[in-house]
Amino acid sequence: MAYRGPRGTYDVFPGGRDPHERPELWTFVEQTARELFRRYNYREIRTPIFEEARLFARTAGEASDIVVQKEMFTFQDKGERELALRPEGTPGAVRAYIEHNLYKLAQPVKLFYAGPMFRQERQQKGRYRQHTQIGVEALGTADPLVDVEVISLLYSIHQAVGVKDEIVYLNNLGDAQTRRAYVPELRAYLQRHRTDLDPDSVARLESNPLRTFDSKDENTQAVLAEAPKITGYLSPDASAHLSAVSRGLEALGVPYEVDEGLVRGLDYYTMTVFEAKSRALGAQDTVGAGGRYNSLIPDLGGPDLGGIGFGTGVERILLAAGSREEEVSLGVFFVTLAPEARLLAVRLAGALRAEGISCDLDYAGRGTKGQFKQADRSGAAYAVVIGEDELAQGTCKVRDMSSGEERAVSLAEGAKELLRAVAA
Ligand code: ATP
Ligand code: MG
C-alpha cells in the first residue's frame with residue numbers, strides 16, 4: 001500500500017528541489033518578513049485555521065471566486081455546524097478585532113499573520129489547495145497614508161527576499177455610492193456586447209460585472225478596452241484618495257502603475273485595491289495583493305471604521321525570487337573511534353550545544369572512514385576525534401575541516417578548552 005500527499009499539497013523537506021519545497025528558504029522568507037513587521041510596528045495575530053463558513057461567505061461576497069467557484073473546503077462538525085478551512089486571512093483577523101474589542105485601543109491596530117490557507121482549486125504551478133500567506137491588516141483608519149505604508153511594506157518584503165521585476169498595480173474602486181453609479185453603466189455596456197463575452201463573464205453580468213475585468217479571454221478583453229472605466233465615476237473623495245496614495249508611493253520610490261481595469265476577487269473592497277506582479281512568474285504572476293475595506297468592520301458587527309490589508313503567497317514569492325544555494329552548516333561533528341568514546345561525545349555535544357554551537361555525531365554505526373565522510377557531508381566546520389589514545393590522555397583531537405589542520409585539546413576542565421577551540 002503506497003500513500004501520497006493529498007492533491008494540491010506539497011511537502012517541505014531537506015533536499016526538496018523546488019524553492020517552495022526547501023525548508024531553509026521558508027525560514028529565510030518568514031524571518032525577513034518578521035523583521036520588517038518589527039520595523040513597521042505590526043504585531044502578530046493568530047486565528048484558528050477554521051471558522052464558521054458563513055463568515056467567509058459573507059466577507060468574500062456572492063460573486064467571489066471563493067463562493068462562485070466553490071473554492072472553500074467546508075465541513076460539518078458533530079454538532080452540525082457549518083465550518084470551513086480558511087481561504088484567506090482577513091475575515092478571521094477582522095472577526096477577532098471585533099470580538100476582542102481591539103477597536104477600543106489606540107487606532108490603527110496594525111496586525112500581521114503568517115499561515116496556511118485552503119482553496120479547492122485546480123493545481124498548477126504556483127497554485128495549490130493548501131498555500132501559505134503572509135499578510136497584514138491595518139484596522140481602524142481610512143488614512144490614505146496607511147495605504148501607502150501597507151503597499152510599501154508588501155513591496156519591501158518582496159524586495160528583501162529577492163523577488164525580481166516587480167511592479168505594483170493600483171486602482172480605486174470608490175465607495176458603495178461610486179459602485180452604484182458605475183456598475184449599471186458597465187453592465188448595460190457589456191449587455192450590448194454580450195455575444196462577444198466568454199461564458200464566465202456572461203454568468204457574472206448580473207451579480208458582479210466588475211469581475212469581467214479579470215477575464216483572460218481575448219475577445220472579452222477587446223470589449224473591455226472600450227468599456228466605461230470606474231475612474232470616470234469616482235467621487236471627489238475617492239479621486240483625492242487615489243492621488244494621495246500615488247504621491248505617497250512616489251515619495252517612497254515604490255514602482256507602481258494605475259490600472260483602471262484592476263478589480264479584485266473579493267467583494268468587500270472599497271477605494272484602494274492593488275496587486276504586486278512579478279514578470280519572473282508565468283501565468284500565476286500575482287505575488288501579493290490586497291485592498292481597503294471600509295464597510296467590512298461594520299458589516300461584521302463592529303464600529304464604522306475602515307481597514308486595509310494585503311496577503312502574499314510564500315510559494316509564489318519563492319518562485320519569483322528564484323533559487324538560492326543551500327548552505328548547510330554545522331559547528332562540530334564528533335568522530336568516535338572506540339565504543340566507550342560515544343558517551344563522552346554525547347556529554348561534550350551537550351556542553352557545546354548549551355553554549356550555542358551546533359553539534360552532531362554518528363548514530364548509524366559508521367566506521368572511522370564513514371564518520372569522517374559524514375562530518376564532511378554535514379558541512380561541519382570541525383571534526384572532534386576521540387579514540388583510545390585520547391580517552392587514555394584525557395584529550396580530544398580537533399580537526400579544522402577546511403584546512404585539515406589538527407591539534408590536541410585537553411578535556412581536563414570538561415568542554416571549556418574545546419569550546420574555545422571551536423568557537424567562531
Ligand atoms: P489568483 O487570481 O491567482 O487566483 P487570488 O486573487 O485568488 O489570486 P488572493 O485571494 O488575493 O489571490 O490571495 C493573495 C495571494 O495569495 C495571491 O497573490 C497569491 O500569491 C496567493 N495565492 C492565492 N491563492 C493561491 C493558491 N491557490 N496557491 C498558491 N498561492 C495562492
Ligand atoms: Mg484565486
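The values are calculated or read from the model by the stated rules, or taken from the named source; none is laboratory data. As the structure is a prediction and not an experimental result, all values here were calculated from the model. So basically every Cβ, Gly included, is an ideal-geometry build from the backbone, and we count neighbours across all protein chains shown. Just the protein is used for accessible areas: all its heavy atoms, side chains included, with ligands, DNA and RNA removed. Shrake-Rupley method; radii C 1.70, N 1.55, O 1.52, S 1.80 Å.
Numbers below:
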quantity	calculated
Every residue from region 370-398 that is assigned to a helix (DSSP H, G or I), among the charged types (D, E, K, R) and under 16 Å from residue 341 (Cα atoms)	388, 389, 390
Residues of region 197-217 satisfying the condition of being surrounded by fewer than 15 Cβ atoms within 10 Å (Cβ to Cβ) and assigned to a helix (DSSP H, G or I)	199, 203
Filtered residue count, region 53-100, keeping only those that are at pLDDT 95 or above, of a type in the set (A, V, I, L, M) and open to solvent by 30 Å² or more (accessible area, probe 1.4 Å)	1
Helices (runs of 4 or more DSSP H) lying entirely in region 1-84 (those with 3 or more residues that are without any contact (Cβ under 8 Å) to a residue 60 or more places away in the chain)	23-40, 53-60
Selected residue (criterion: surrounded by the most Cβ atoms within 10 Å (Cβ to Cβ)) from residues of region 335-369 that are among the β-branched types (Val, Ile, Thr) and outside any strand (DSSP E or B)	357
Residue that is nearest to ligand 1 (Cβ to nearest atom), among those in region 24-49 that are crowded, with 18+ Cβ neighbours inside 10 Å and aromatic (Phe, Trp, Tyr)	26
Any chance residue 177 is under 30 Å from residue 250 (Cβ atoms), open to solvent by 40 Å² or more (accessible area, probe 1.4 Å) and either away from ligand 2 (no atom under 16 Å from the Cβ) or assigned to a helix (DSSP H, G or I) (or both)	yes
Meets criteria (open to solvent by 50 Å² or more (accessible area, probe 1.4 Å) and within 20 Å of the chain's Cα centre (by Cα)) for residue 127	yes
Out of 132, 141, sole residue that is at pLDDT 95 or above and either in a loop (DSSP other than H, G, I, E, B) or not assigned by TED's automatic domain parsing to the domain that holds residue 273 (or both)	141
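Listed here are the residues, each with its yes/no results for (1) crowded, with 17+ Cβ neighbours inside 10 Å; (2) outside any helix (DSSP H, G or I); (3) not polar (S, T, N, Q).
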{"residue": "219", "(1), (2), (3)": "no, no, no"}
{"residue": "223", "(1), (2), (3)": "yes, no, yes"}
{"residue": "228", "(1), (2), (3)": "no, yes, yes"}
{"residue": "241", "(1), (2), (3)": "yes, no, yes"}
{"residue": "244", "(1), (2), (3)": "no, no, yes"}
{"residue": "262", "(1), (2), (3)": "yes, yes, yes"}
